[in-house]
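Asker: Quick one: structure below, then a few questions.
Rule-based calculations on the coordinates, nothing more; no lab input. The structure presented is a predicted model; accordingly, all values stated were derived computationally and were not measured. Note that each Cβ is placed from the backbone with ideal geometry, even for glycine, and that neighbours are counted across all protein chains shown.
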Amino acid sequence: MILDRIQKPNDIKNIKPEEYEELAREIRRFLVDKVSKTGGHLASNLGAVELTMALHICLDLPKDKIVWDVGHQSYVHKILTGRKDAFDTLRQYRGLSGFPKRRESEYDTFNTGHSSTSISAALGLVVSDELNNGNDSTVVAVIGDGAMTGGLAQEAINNASKLKRNFIIILNDNNMSISRNVGGLSTYLSNARAGETYIELKSGVQRTLEKIPGAGEKIVRSIKRTKHSIKQLLVPGMLFENMGITYLGPVDGHNTTALIRIIQEAKNIDHAVLIHVCTKKGKGYGPAMENPSLFHGIGPFNPRTGLPNNMNAPQSYTDVFAEAICREAGKNDKIVAITAAMEDGTGLAKFQEKFPKRFFDVGIAESHATTFAAGLAVGGLKPFVAIYSSFLQRAFDQILHDVCIQSLPVVFCVDRAGLVGNDGETHQGTFDISYLSIIPNMNVLVPKNAWELDAAITFAATFPAPLAIRYPRGKAYTGLSEFREPICFGKSEIIYKERDIAILAVGSMVESAVKIRDEFKQKGKNVSLVNARFVKPLDEEMLDQLAQTHSVIITMEENVINGGYGMAVLRYYNTRHTNVKVINFAVPNSYVEQGSRDDQLKECGLDLESILKRLETELI
């Protein structure tokens, strides 16, 4: 196999051009085989094979640098930099990360995981190289067409237009077919305009004309106006051209030779240049090409059929949310739903089918989604904004400034809250209780099970102020179904009322709290169990009542300890009831790395064994 000849970085430079196509096929077979076992981001990597090969052939890594936007398309890069043999551990606990990680390899230039960051980061590397080494390296930012909708990417492009040295931005467009007419003409124009001969000729002609007494500068201005008018007709990238960034392409992203040629030409340009590359997401694997959304991020699957191994997966919290919001929208035509390019992941695809005019996908633009929702609320609508916890962080200022200062009735459906598993530290939803709770006028509701999430959506449909509903990834807990106390604003639910010890559990930790209580009961201890439900506002009346009959309060949550529910409870008791001992169980104030959720719970001291062991010590 050709792939076997690539054992370390830059080995691909020894591969003959006539072997490129076969190498690409071998890489795709390798990816399908490995990801089918571990799960991961498959479709995006299959689409970026030739592009990654071309970059590694053209660049001198690690002196030259590649910054991958989001980074879920970096698997091929990892293969070509000597990490092929580690792919059996992909996204596993203490294994190979599914994203670029600087600690993993010097060839991973910048840690990524969220969208639209690559151009900003790469621009920083360009400027630092200029200041430190004098333009010694080539820096490339690879960004997808979806990520270009992010405001951060637009801000960075605006900044990059001022550069006076080479900087390559590659726009990996996997949502656009290549038109032969436009593509052929554009390739010709790109090659001509990027080549050294053209650049030198253009500069020479301009200098010569400017020397003509009296008329030279006027002639140059006239030619430039004519040139720009022709570009407007012929060059598809005038948005970038008008900002001072040379546009090259579109180029076939699955033609390695063409990619090599255009990248080499782009390196000759003495300012920022954008190469428009058209690729097919899922390229080379039928099931992924037919359903790229499913194979964007997929668990283990059958490589022959493409079917997920967990075809009979139980109902998830996302499924519960999807059904509930569709039901409420059927009763209230003021309800609208907003997503930031995640209609499938957040469950809003069903809403889109039923209520297309009330569904809004704003692209990868969480900040805009939030302020857009604020405008909808001012206009008399009831917006539900469904965003993953780790991505909602990107809209913090808009939540605070545009929604909560005005106390607008926007509902934030915070999916993937808590520990999320194999995507690692960039995707953990372990900060949302903290960052949402510090905002005045924000209210945070955390349901304990499937029924309560359903009821929470009904409650939210008529709630007149900002509200965040937080729920985890995966299987919806169906235990405690007999406890269905109606949701009352700001009130917790006391499930078992005893004395001495009380466990106050938040959301996903209620299931664990039931098991902890059972262990205590077997030892003859009296234990109350409280479903915290509202972490903001704090149910102070309930806390006062517990203080009368309980000497120990245990809090449990899947959020960092700082700023979390447990800290709020501890602060309250330290102020009002100093005789009560408070024991907090939460995620440590650190970033939780990849692994299964069980691995992560154990690492955080939130698994059953760790909690019981600590309580044995604390309660002596």
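Asker: Starting from 0.36 nm per residue, how many nanometres of slack lie between Lys331 and Phe489 once their C-alpha separation is accounted for? Numbers along the way, then the final one.
Answerer: Numbers: separation 158, 0.36 × 158 = 56.88 nm, distance 2.17 nm.
My answer for the length gained is 54.7 nm.
Asker: Would you mind checking the radius of gyration and Dmax of region 273-394 based on alpha-carbon positions, in Å?
Answerer: 17.0, 52
Asker: A 22 angstrom limit on the alpha carbon distance is what I want to check against. Which of Lys357/Lys536; Lys331/Lys354; Lys581/Lys602 exceed it? Show your work: numbers first, answer last.
Answerer: Details: Lys357/Lys536 33 Å; Lys331/Lys354 13 Å; Lys581/Lys602 24 Å.
Over 22 Å apart, Cα to Cα: Lys357/Lys536; Lys581/Lys602.
Asker: Taking the alpha carbon gyration tensor of region 404-506, what are the square roots of 5 times its eigenvalues, largest first, to the nearest whole Å? Don't jump to the answer; show the numbers that get you there.
Answerer: On the way: eigenvalues 97, 79, 42 Å².
For region 404-506, the semi-axes come out at 22, 20, 14 Å.
Asker: Nearest 20 debye, what's the magnitude of the dipole of region 19-169 about its Cα centre given +1 on Lys and Arg Cβ and -1 on Asp and Glu Cβ?
Answerer: Values: 18 positive and 19 negative charges, 94 e Å.
It works out to roughly 440 debye.
Asker: Taking only the Cα atoms of region 494-618, how large is their convex hull per residue, in Å³?
Answerer: Details: hull volume 12.7 nm³, N = 125.
Looking at region 494-618, the number lands at 102 Å³ per residue.
Asker: Can you tally the net charge around Ile583? Count Lys and Arg as +1, Asp and Glu as -1, for every other residue whose Cβ sits under 11 Å from the Cβ of Ile583.
Answerer: Numbers: positive: Lys581, Arg614; negative: Glu618.
Neighbourhood net charge equals +1.
Asker: Next up: Which order do the peptides 531-538, 167-174 take when ranked by the mean count of other beta-carbon atoms within 10 Å per residue, highest first?
Answerer: Working: 531-538: 22.5, 167-174: 25.4.
Ranking, from highest mean packing down: 167-174, 531-538.
Asker: Evaluate Rg over Rh across region 48-171, taking Cα atoms for both radii and Kirkwood's formula for Rh. Show your work: numbers first, answer last.
Answerer: Numbers: Rg = 14.3 Å, Rh = 14.8 Å.
Result for region 48-171 is an Rg/Rh of 0.97.
Asker: Based on the mean of other beta carbon atoms within 10 Å per residue, what is the order of 4-14, 491-501, most packed first?
Answerer: Descending packing order for the listed peptides: 491-501, 4-14.
Asker: How high is the FRET efficiency from Asn562 to Arg165, r the C-beta distance, R0 35 Å, rounded to 0.05?
Answerer: On the way: r = 42 Å, r/R0 = 1.20.
Rounded to the nearest 0.05, the efficiency is 0.25.
Asker: Also, quick follow-up: Thinking of region 1-98 as a set of Cα atoms, what percent of all their pairs are more than 17 Å apart?
Answerer: Numbers: 2210 of 4753 pairs.
Percentage above 17 Å: 46.
Asker: Volume per residue, Å³, of the convex hull around the alpha-carbon atoms of the chain?
Answerer: Working: hull volume 116.0 nm³, N = 620.
Spread over its residues, the Cα hull of the chain gives 187 Å³ apiece.
Asker: For region 317-470, give the magnitude of the charge dipole about the Cα centre (Cβ charges: +1 Lys/Arg, -1 Asp/Glu; no others), in debye to the nearest 20. Show your work: numbers first, answer last.
Answerer: On the way: 12 positive and 17 negative charges, 96 e Å.
Computed charge dipole of region 317-470: roughly 460 debye.
Asker: Taking the Cα centre of the chain as the origin and placing charges on Cβ (Lys, Arg +1; Asp, Glu -1), which of Leu436, Ile169, Ile387 is farthest toward the positive end of the dipole?
Answerer: Ile169
Asker: Quote the FRET efficiency, to the nearest 0.05, computed for Glu21 versus Lys63 with a Förster distance R0 of 22 Å and r equal to the Cβ-Cβ distance. Don't skip to the end; give the middle numbers.
Answerer: Numbers: r = 28 Å, r/R0 = 1.29.
E(calc), rounded to 0.05, equals 0.20.
Asker: Quick one, can you get me the convex hull of the C-alpha atoms of region 317-470 expressed as volume per residue in Å³? Write down the numbers at each step before the final one.
Answerer: Working: hull volume 14.8 nm³, N = 154.
It comes to 96 Å³ per residue, whole-number rounded.
Asker: When the dipole is taken about the Cα centre of the chain, and only Lys, Arg (+1) and Asp, Glu (-1) are charged at their Cβ, what size is it in debye, to the nearest 20? Mind showing how you got there, number by number?
Answerer: Values: 71 positive and 71 negative charges, 207 e Å.
Taking the Cα centre of the chain as origin, the dipole is about 1000 debye.
Asker: What number in nm² do you get for region 50-121 if you take the convex hull of its Cα atoms and divide its surface by four? Mind showing how you got there, number by number?
Answerer: Working: hull surface 19.3 nm².
Its average projected convex-hull area is 4.8 nm².
Asker: Just to be sure I understand the model, the point goes 7 Å from the Cα along the line to the Cβ. What's the resulting Arg571 to Thr462 distance in nm?
Answerer: Those two pseudo-labels are separated by 3.3 nm.
Asker: Could you tell me, in Å, what Rg and Dmax come out for the Cα atoms of region 105-180?
Answerer: Rg, Dmax (Cα atoms, Å): 13.4, 44.
Asker: Residue farthest toward the positive end of the dipole of the chain, with Cβ of Lys/Arg at +1 and Asp/Glu at -1: which of Ile262, Gly595, Leu445?
Answerer: Ile262
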